[in-house]
Amino acid sequence: MINEQQTSVPQVPTHWLFGCVPEFRKDALDALMNYATYGDVVKVRYGLLVDLIKRQRGTAAYLLSHPEDIKHVLATNDRNYRRIEFPPAAKRVFGQGLITSEDPLHRKQRRMTQPYFHRQRIVSYAEIMVQKTQQHIQGWRDGATVNVAQEMMQLTLSVACKAFFNMDLTDKTNELTRAVTVGQHHIIRQFRSFIAMLTPEFIPTKNNVRFRKAIRKLDDTIYGIIQTRRASGERPNDVLSMLLDARDEEGHPMSDQQVRDETLTLFLAGHDTTANALSWTWYLLSRHPEVESRLLGELKEVLSGRLPTVADVPKLVYTEMVFAEALRLYPPGYLLSRTALGNDLLPGGITIPQGADVWLCPYLVHRDPRVWPEPERFDPERFNPEAKEGRHLYAYFPFGGGSRMCIGESFAKMEGVLLIATIAQRFKMTLLSGQTVVPEPLVTLRPKHGVQVQLCKRS
């Protein structure tokens with residue numbers, strides 16, 4: 001990221017046939033960071049093979065690194081951009097849910113789901129979050145070694161199931177989180193491999209077989225939930241009831257397929273991103289005892305050892321700053337992609353041609369030293385009120401922005417604060433030596449191989 005203004009677009013040197021795919025397969029995050037050194041707007045060729053597949057010359061993506069250009073694409077002129085085309089595996093997982101759909105369906109879905117993420121509704125989920133956390137950590141033992149990334153996946157999954165669908169799937173969390181992981185690997189495999197992308201799902205390759213089993217597990221679970229609720233005739237005030245009772249303009253209910261797509265989207269998005277953010281939070285706290293000490297001081301002052309409630313969230317200022325800084329360094333949604341519907345002039349003076357893809361990378365922008373001094377340093381003070389004042393809104397966008405901003409932002413922020421406050425009071429986590437914790441950019445940014453810690457119960 002070297003220029004405030006650009007008059008021309010530098011093109012990153014990539015492989016003539018495979019374009020940027022080899023670099024992405026090797027290390028996608030490193031590739032993106034390297035591309036950005038060429039300028040605030042750079043052109044990344046997809047290569048001759050994609051040109052032939054799409055029957056179009058010069059297929060490319062434009063990586064944007066300046067907050068003003070990012071704001072333009074996500075908010076100011078978002079109507080000129082649609083989601084990038086998803087690979088077949090993503091469509092199999094999410095169908096036509098909120099993540100993958102386009103307008104006008106997306107606007108309709110968002111209007112329908114929005115009431116369940118309004119402030120008053122979010123507040124009602126706080127008790128569930130704390131209760132599920134307390135139940136989960138009751139199984140932890142002093143001195144035990146756990147993969148805290150896996151623990152957070154199980155915990156946030158149980159919270160999402162209870163909050164959104166009024167169900168307890170504790171006995172299925174292990175197999176469901178495994179199925180989600182298989183699905184993520186397969187989606188990214190198709191993004192980064194032409195062979196995987198073009199291999200039909202019915203061909204029994206090892207990866208296809210694993211993916212079909214994972215989809216069956218997710219489908220069986222979600223369709224089972226839908227059928228059980230339909231058969232019971234009960235309608236508790238939750239998201240699933242809202243989906244089953246929804247009617248279109250002609251009075252027709254949603255098909256089971258559409259209910260499945262919406263349910264599975266909320267089911268996955270409602271736990272996976274927060275679980276990853278919390279995993280990185282515990283990793284960072286274990287490496288920065290001075291931050292952990294200040295966090296514990298705030299928890300002692302505000303809570304005095306009791307469980308947190310929704311009324312405590314505004315008082316847990318430093319706890320929220322810790323979570324925000326973890327999201328800066330390791331944003332779960334590390335790369336957003338759009339396709340231009342028409343030619344578009346960016347604020348910086350560069351024209352994005354019709355049909356071109358645009359990449360917006362929070363992981364990259366959150367490390368811009370022009371905005372974030374010593375960007376690799378874990379420093380929650382970056383999010384005190386004085387530090388935030390004057391910072392460009394789109395210099396920090398872990399939840400996206402504009403009309404497609406993550407609908408669960410408030411839910412995730414409150415869940416992060418409450419879970420950190422509940423767990424940190426009761427357990428200290430010490431990072432096991434000998435392990436290398438590195439980010440794995442799947443659909444979301446996960447710690448590769450997890451985070452192994454030793455639990456120490458606090459007195």
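The values are calculated or read from the model by the stated rules, or taken from the named source; none is laboratory data. Nothing here was measured: the structure is a model prediction, and the numbers come from that model. Because the Cβ atoms are built from the backbone with ideal geometry, glycine has one as well, and the counts that use them run over all protein chains shown.
Looking only at residues in the stretch 198-229 that are part of a helix (DSSP H, G or I) and of a type in the set (Val, Ile, Thr), the one that is nearest to Ala90 (Cα to Cα) is Ile215. Residues of the stretch 418-458 that are more than 23 Å from the chain's Cα centre (by Cα) and hydroxyl-bearing (Ser, Thr, Tyr): Thr430, Ser433. Do we have any residue at all in the stretch 123-143 that's aromatic (Phe, Trp, Tyr), within 30 Å of Leu98 (Cα to Cα) and touching a residue at least 40 places away in the same chain (Cβ under 8 Å)? Checked the stretch 123-143: at least one residue is aromatic (Phe, Trp, Tyr), within 30 Å of Leu98 (Cα to Cα) and touching a residue at least 40 places away in the same chain (Cβ under 8 Å). Summed over the stretch 49-62, the residues that are in contact (Cβ under 8 Å) with a residue 12 or more places away in the chain and more than 20 Å from Pro87 (Cβ to Cβ) give a count of 2. Cβ-Cβ contacts under 8 Å between residues 6 or more apart (or on different chains), taken from a first residue in the stretch 442-459 that is closer than 23 Å to Leu364 by Cβ to a second residue that is part of a loop (DSSP other than H, G, I, E, B) and of a type in the set (Ser, Thr, Tyr), are listed as Thr444/Tyr334; Leu445/Tyr330; Leu445/Tyr334.
Return the residue satisfying two criteria in turn: it lies in the stretch 89-113 and is basic (Lys, Arg) and under 21 Å from Gly402 (Cα atoms), and of such residues it is surrounded by the most Cβ atoms within 10 Å (Cβ to Cβ).
Here the answer is Arg110.
Does the stretch 290-305 contain at least one residue that is touching a His at 6+ places or on another chain (Cβ under 6 Å), in a helix (DSSP H, G or I) and either of a type outside the set (Gly, Ala, Ser) or modelled with pLDDT of 95 or more (or both)? The answer is no, given that none of the residues of the stretch 290-305 is touching a His at 6+ places or on another chain (Cβ under 6 Å), in a helix (DSSP H, G or I) and either of a type outside the set (Gly, Ala, Ser) or modelled with pLDDT of 95 or more (or both). What are the residue pairs meeting all of these: first residue in the stretch 66-87, first residue under 16 Å from Arg391 (Cα atoms), second residue of a type in the set (Phe, Trp, Tyr), Cβ atoms under 8 Å, and 6 or more apart or on different chains? Once the first residue is under 16 Å from Arg391 (Cα atoms) and sits in the stretch 66-87, its partners that are of a type in the set (Phe, Trp, Tyr) give Pro67/Tyr394; Glu68/Tyr394; Ile70/Tyr394; Ile70/Phe397; Lys71/Tyr394. Applying the condition of being buried (at least 19 other Cβ atoms within 10 Å of the Cβ) and among the hydroxyl-bearing types (Ser, Thr, Tyr) to the stretch 114-142 and asking which residue is modelled with the highest pLDDT yields Thr133.
The strands (runs of 3 or more DSSP E) found entirely in the stretch 353-459 that carry 1 or more residues being hydrophobic (A, V, I, L, M, F, W, C) and closer than 27 Å to Leu29 by Cα are 357-360, 427-431, 445-447, 452-457. Taking the stretch 390-425 as the range and being within 27 Å of Ser101 (Cα to Cα) and of a type in the set (Lys, Arg) as the test, the residues that pass are Arg404, Lys413. Every test in (1) in contact with a helix residue (DSSP H, G or I) (Cβ under 9 Å, 6 or more places away or on another chain); (2) more than 25 Å from Pro22 (Cβ to Cβ); (3) touching a residue at least 24 places away in the same chain (Cβ under 8 Å) is passed by Gln257 save one, and that test is (1).
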